[in-house]
Amino acid sequence: MTATRAQARWSRPRSVRSWVKRGGLSALVLVLPLVLVFGVFSWFPIVRAAVMSFQTTNLISDPVWVGLHNFQRVFADPLLLTAIRNTVYFTLLALVFGYPIPLILAACMNELRRAKGFYSVLAYLPVVVPPVATILLWRIFYDAGPNGAFNTILSWFGLGPWPWIQSQASAMPSLVLVATWSAAGATVIIYLAAMTSIRGELYDAADVDGASIPQKIWNVMLPQLRYVLLVTLILQLIGTFQVFMEPFLLTNGGPANSTLTVLLLIYRYAFGSGGTGDFGAATALSLMLAAFLALLSWIYLRATRSWSET
Amino acid sequence: MTDLARRSSITEEPAEGLSEDWHPTAGGGSKEMAPDRRSEDADRSLVSIAERRQAGIKWGLRLTFGLLLAGLVIVGLGPLLWLGKASISTTQDTLRAPFAFWPSGVDWQNLVTAWTEAEISRYFMNTVWLAIGAWLVQIFVATTGGYVLAVLKPRYAGLLYGLVLATLFVPVVVLLVPLFLTVLDVPGLGISLLNSYWGIWLPAGASAFNVILMKRFFDNLPGEILEAARVDGAGPFRMLWSVVLPMSRPILGVVSVFAILAAWRDFLWPLLVLLDPAIQPLSVRLPLIRDTVELDVFLASLLVSTTIPILLFLGFQRLFLRGPGLAGAIKG
Amino acid sequence: MVQVESFEAKYPWITVEPSEYEWDPATFSAQVAGGTLPTLFQVPFTDIQGLIAGGQVADITDLVAELPYADAFNPNILAVTQDDAGRLYGLVTAAYGIGLHYNRALFEQAGLDPDSPPQTWEEVREAAAAIASETGVAGYAQMSQANTGGWQLTSLSYNFGGRLEDGTGDTVTSTVDNPGTRAALEFLQAMRWEDDSLGDNFLYDWGTINQAFAAGQVGMYTSGSDVYNSLVTENDIDPESYGLSVLPLSGGDAGVLAGGTVVAVKSTATPGEVDAAVKWLDHFYLAKLVDEAAAVADAQALAESGAPVGTPALPIFGEEQLAQSDAWVADYVNVPLDQMSFFKENILSQALVPEPSAHTQEMYAILDSVIQAVMTDENADIATLLQDAQSQVNALIEQS
């Protein structure tokens, strides 16, 4: 059954006058805001990024074509390897820690008979808090002295004060913690919606076969969620590869560059202190990152093609 | 449907659910409604009714729910409650005994000081202005654009929509530097939008999500009403203003709430564009005043910055937590 | 503003529009390109030469020559804003030396005498250890972020006789890896890991260390001598607990890092604007240093608004002029000057060393990581860290 689409199909005009009469000019006028805004602030900058990566730009004089110089400079930067390593580390930590949690929460919440809405509100609340407020608040929590908020909690369990963001080893995990806190709730809601739409007959059939709860989870729920799980996985990967605010506001890449991420490096190239900013290197690195993410998405789609056919 | 289409349709699913919920009855159910699950999932989630009667499972579930509630309250709500408590504590209390309940007494003065001396009121209003302007621009661009793409459908509509969709696949970081340079020197006009709210408002309009949402909604408007309007002699403008817009309140609501929320949370872009401290919004200003404002006043300022988003959320829960929440979650 | 009114009364054809402005090297070019830079703006010492080389500040040599005190400038001070040909591109309006700031109250609690601050680095170390063990707060703290780590490490290196660069202009090379800097880092390392007197938080920049100090969480730290002004206006410090002394010097070539503020005019200003700007420079920034009436009026205005008056500074025109200006405003001094006497009396007898000039901010950023590594990694190998840093800075120098 086809939907009746809302269309205003005017027939192909044969002259400018009939085009105007048929509303062609009106359409043009009405679509002008979109075209202008997207054109100036989206399409043009995207193209410009590609161009700038092959130029040296400082804000005083005209850009100069330098070929692959920017890319070479980026590759030669010892901090690039550090940034990549740190970003991969963050992504893996976020995957191991932050990916299962929303799933478990949603699975539990799905079994609720009443008050599902209340629990949903609780879970989603951290998501709406502005990231700046969250991160600044957690920076206070992460005070490494014995009277810091989290260290006080640890002391209730007899655990010693933890350096949190003041040590190279624990800085990145601390970032993952705050990033997970603010993002998990959104994924919980997505999973919950997906779980709710799992057809009851499947569970009935499993019950008839005498399946236990773990078996039902493994054989019914997870396969039904396959598509959602795969999508949130790639979205999380893409998102965590671009982590910026947590390292920027909490540690500024420190201590000793242990939380320097690729985005932070791009920001430093362009807007870091010490000069007029190397916009060429910044755009070069951002294009490299974009290319990597595109490649990652493509590989991911190919690899999961067979799994996501439901 | 190929995987790619299905993957890209994740942004379209919410609109599907949306149109089903708000489908004007005059159109008469031309789309298949999703079966109402509410009556079914009341008695059919993973754990069956029979299982729930078993003692082990019954208590297991109760324990799980207890842990779940405790976990969500302590971990999810806890930090915010602490913020509330700390914003009316003195600095020394917060530093020395972060979990004590006001040993030195409640310091309501923090909120007043934050609002007046730390001038949080000014930055709050700046954020409000940013949000209002961004909201207007986004509504304007997405509504007119979506309308043309979905209703008027000129020959270039497909190409245009494709170009808009393409921007979804470009990570925001790529835009950062060239957009900054563009704002510094707008091509064609040769003016600088630096240090001006227009430098925030206008780029905010280039949101593919909004256009997609509006277009999908307009796609599902009942054709008969539009046809009737055209027969009555309504031109494109009239039709938009008098027919389509009044029917679009739900989707306008969704786009508005998310636009305002996004503007409230925006950090990096305003940081780069708004250099004059007097016009900076809360998100930019708070990190900068962290070391010049006393801790208790600072915490009060943080509290103030969280009020509007939380109020928006609590007031419009359904928007966030049902289907459209998906779009917001991905966008946010 | 009082000064604006009196200025506009004196020069009715000039209008002054004050704007809130913070120096930020990252956005400076953007501000120039976007036209939001004020006509007259402030810049730290380290950045003015870069601006001169980039043609971004106006030549004001002739206009300055017309000022009544043009010949009275300390030539070293003038050199800061001159190019190779001797043309002047800005004027120094304030100069500071790095000093040792300490919390008198914490000293007392730790059983130390607040009126006799440490004179050698060993004494600093002992004092820090005492404060840490008796009071539980950090005895000593070190900036380490936002380029301030490199800045302070440079200062500490000077105290131990080191220099971070060799040569000038085209022949400059980085000597970040030198005995003085090594000694400085070893000193910090010992305090951190052997004495545990640096507390638990190490990611400090200029603002956050001030905040921690004012809140009584830090016993001692080093920073510019004018920091007291900020501690009062921004961090609400208790004046009774503040003490300022000079940095101990160790070794023959030891010196104290000196820096300051330059006021310059943007090169895109019209000649009329440049002229007006220099007049404002004279009226607002410099007149109070050489003219008694202006000095008193300025001090009065500051005192009435609750701002600090009398914080020790380095002379721009010479020691006698500084002593005289101090005498003029003596009545309005509202800072605990006797608690700063150690600094005031001894700073002028210390050798003042300017900051390195080649790629300063970038070098500081690199050194930030070095300091953070020493603070957070017990097994940090100072030699390797410094060698790496030195080769990075030299690579930067070669590239340009």
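The values are calculated or read from the model by the stated rules, or taken from the named source; none is laboratory data. None of these values were measured; they are calculated from a predicted model. All Cβ positions, even for glycine, are placed from backbone atoms using ideal geometry, and neighbour counts span all protein chains on display.
Tally time: how many residues in the range A:197-243 are touching a Leu at 6+ places or on another chain (Cβ under 6 Å) and more than 7 Å from every other protein chain (Cβ to nearest Cβ)?
2
Any idea which residue in the range C:173-187 is farthest from C:Ala383 (Cα to Cα), counting only those that are of a type outside the set (D, E, K, R) and surrounded by fewer than 17 Cβ atoms within 10 Å (Cβ to Cβ)?
Checked the range C:173-187; the qualifying residue farthest from C:Ala383 (Cα to Cα) is C:Thr173.
List the number of the failed condition for A:Val178; all other conditions in (1) at the interface with chain B (Cβ under 9 Å from one of its Cβ atoms); (2) under 17 Å from the mean Cα position of the chain (by Cα) hold.
(1)
Can you name the condition, by its number, that B:Val255 falls short on among (1) within 25 Å of C:Thr36 (Cα to Cα); (2) within 25 Å of the chain's Cα centre (by Cα); (3) not in a loop (DSSP other than H, G, I, E, B)?
Here B:Val255 meets the rest and fails (1).
Quick check on the range B:84-94: of everything there that is surrounded by fewer than 20 Cβ atoms within 10 Å (Cβ to Cβ) and touching a residue at least 40 places away in the same chain (Cβ under 8 Å), which residue is farthest from B:Val293 (Cα to Cα)?
That would be B:Gly84.
Could you identify the single residue in C:Thr311, C:Thr376, C:Thr384, C:Thr360 that is of a type in the set (Ser, Thr, Tyr) and under 30 Å from C:Ala293 (Cβ atoms)?
Values: C:Thr376 fails: under 30 Å from C:Ala293 (Cβ atoms); C:Thr384 fails: under 30 Å from C:Ala293 (Cβ atoms); C:Thr360 fails: under 30 Å from C:Ala293 (Cβ atoms).
Only one candidate qualifies: C:Thr311.
Can you tell which of A:Arg139, A:Arg113 is under 30 Å from B:Leu95 (Cα atoms) and not hydrophobic (A, V, I, L, M, F, W, C)?
On inspection, the qualifying residue turns out to be A:Arg139.
Return the residues of the range A:132-162 that are without any contact (Cβ under 8 Å) to a residue 24 or more places away in the chain and under 23 Å from B:Arg285 (Cβ atoms); say none if nothing qualifies.
Within the range A:132-162, A:Ala133, A:Leu137, A:Ile140, A:Phe141, A:Asp143 qualify.
How many residues does the range A:20-50 hold that are of a type in the set (A, V, I, L, M) and either within 7 Å of chain B (Cβ to nearest Cβ) or part of a loop (DSSP other than H, G, I, E, B) (or both)?
8
How many residues does the range C:25-51 hold that are out of contact with any Leu (no Cβ under 9 Å at 6 or more places or on another chain) and not in a strand (DSSP E or B)?
Number of matching residues: 12.
Listed here are the residues, each with its yes/no results for (1) facing another protein chain (nearest Cβ under 10 Å); (2) over 30 Å from A:Gly117 (Cα atoms).
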position: B:Gly223; (1), (2): yes, yes
position: B:Ser256; (1), (2): no, no
position: B:Glu294; (1), (2): yes, yes
position: B:Leu321; (1), (2): yes, no
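Does the range B:269-295 hold any residues that are among the charged types (D, E, K, R) and under 19 Å from A:Leu250 (Cα atoms), and which are they?
So the first thing to find is which residues in the range B:269-295 are among the charged types (D, E, K, R), and the list is B:276, B:285, B:290-291, B:294.
Those that are among the charged types (D, E, K, R) and under 19 Å from A:Leu250 (Cα atoms): B:Arg285, B:Arg290, B:Asp291, B:Glu294.
Taking C:Glu22 as meeting all but one of (1) within 15 Å of C:Thr261 (Cα to Cα); (2) in contact (Cβ under 8 Å) with a residue 40 or more places away in the chain; (3) outside any helix (DSSP H, G or I); (4) of a type outside the set (Phe, Trp, Tyr), write down the number of the exception.
Only one criterion is unmet by C:Glu22, namely (2).
Please verify whether the range B:1-14 includes one or more residues that are buried (at least 18 other Cβ atoms within 10 Å of the Cβ) and either at pLDDT 85 or above or more than 8 Å from every other protein chain (Cβ to nearest Cβ) (or both).
yes
Examine the range B:297-313 for a residue that is at pLDDT below 90 and either within 14 Å of chain C (Cβ to nearest Cβ) or not in a helix (DSSP H, G or I) (or both), and state whether such a residue exists.
The answer is no, given that none of the residues of the range B:297-313 is at pLDDT below 90 and either within 14 Å of chain C (Cβ to nearest Cβ) or not in a helix (DSSP H, G or I) (or both).
Checking C:Phe107 against (1) surrounded by 18 or more Cβ atoms within 10 Å (Cβ to Cβ); (2) modelled with pLDDT under 90; (3) not aliphatic (A, V, I, L, M), only one condition comes out false. Which one?
(2)
Being surrounded by fewer than 23 Cβ atoms within 10 Å (Cβ to Cβ), modelled with pLDDT under 95 and closer than 24 Å to B:Ser301 by Cα is the requirement here; does A:Ala144 meet it?
Judged against the criteria, A:Ala144 is a match.
Taking the range A:51-62 on its own, how many of its residues are in contact with a Gly (Cβ under 9 Å, 6 or more places away or on another chain) and either surrounded by fewer than 17 Cβ atoms within 10 Å (Cβ to Cβ) or farther than 21 Å from C:Gln31 by Cα (or both)?
Selection size over the range A:51-62: 4.
So, restricting to helices (runs of 4 or more DSSP H) that lie completely within the range C:147-228, which ones have at least 1 residues that are closer than 26 Å to C:Thr311 by Cβ and within 14 Å of chain B (Cβ to nearest Cβ)?
Where helices (runs of 4 or more DSSP H) fall fully within the range C:147-228 and carry at least 1 residues being closer than 26 Å to C:Thr311 by Cβ and within 14 Å of chain B (Cβ to nearest Cβ), they are C:148-159, C:206-214.
Looking at this structure, is B:Ser283 within 7 Å of another protein chain (Cβ to nearest Cβ) and either within 30 Å of C:Leu231 (Cβ to Cβ) or in contact with a Pro (Cβ under 9 Å, 6 or more places away or on another chain) (or both)?
yes
For the range B:183-195, check the following and say yes or no: at least one residue is without any contact (Cβ under 8 Å) to a residue 12 or more places away in the chain, within 14 Å of chain C (Cβ to nearest Cβ) and of a type in the set (Ser, Thr, Tyr).
yes
So which pairs qualify, if the first residue must be in the range C:347-367 and more than 11 Å from C:Ser174 (Cβ to Cβ), the second must be part of a helix (DSSP H, G or I) and of a type in the set (Phe, Trp, Tyr), the Cβ gap must be under 8 Å, and the two must be at least 6 apart or on different chains?
Taking only residues 6 or more apart or on different chains, the pairs are C:Val353/C:Tyr158; C:Pro354/C:Phe45; C:Glu355/C:Phe45; C:Glu355/C:Trp151; C:Tyr364/C:Trp151.
Looking only at the range C:242-273, how many residues end up being more than 17 Å from C:Ile52 (Cβ to Cβ), in a loop (DSSP other than H, G, I, E, B) and touching a Ser or Thr at 6+ places or on another chain (Cβ under 8 Å)?
Number of matching residues: 3.
Do any helices (runs of 4 or more DSSP H) lying entirely in the range A:186-261 carry at least 2 residues that are within 24 Å of the chain's Cα centre (by Cα), and which ones are they?
Qualifying helices (runs of 4 or more DSSP H): A:222-241.
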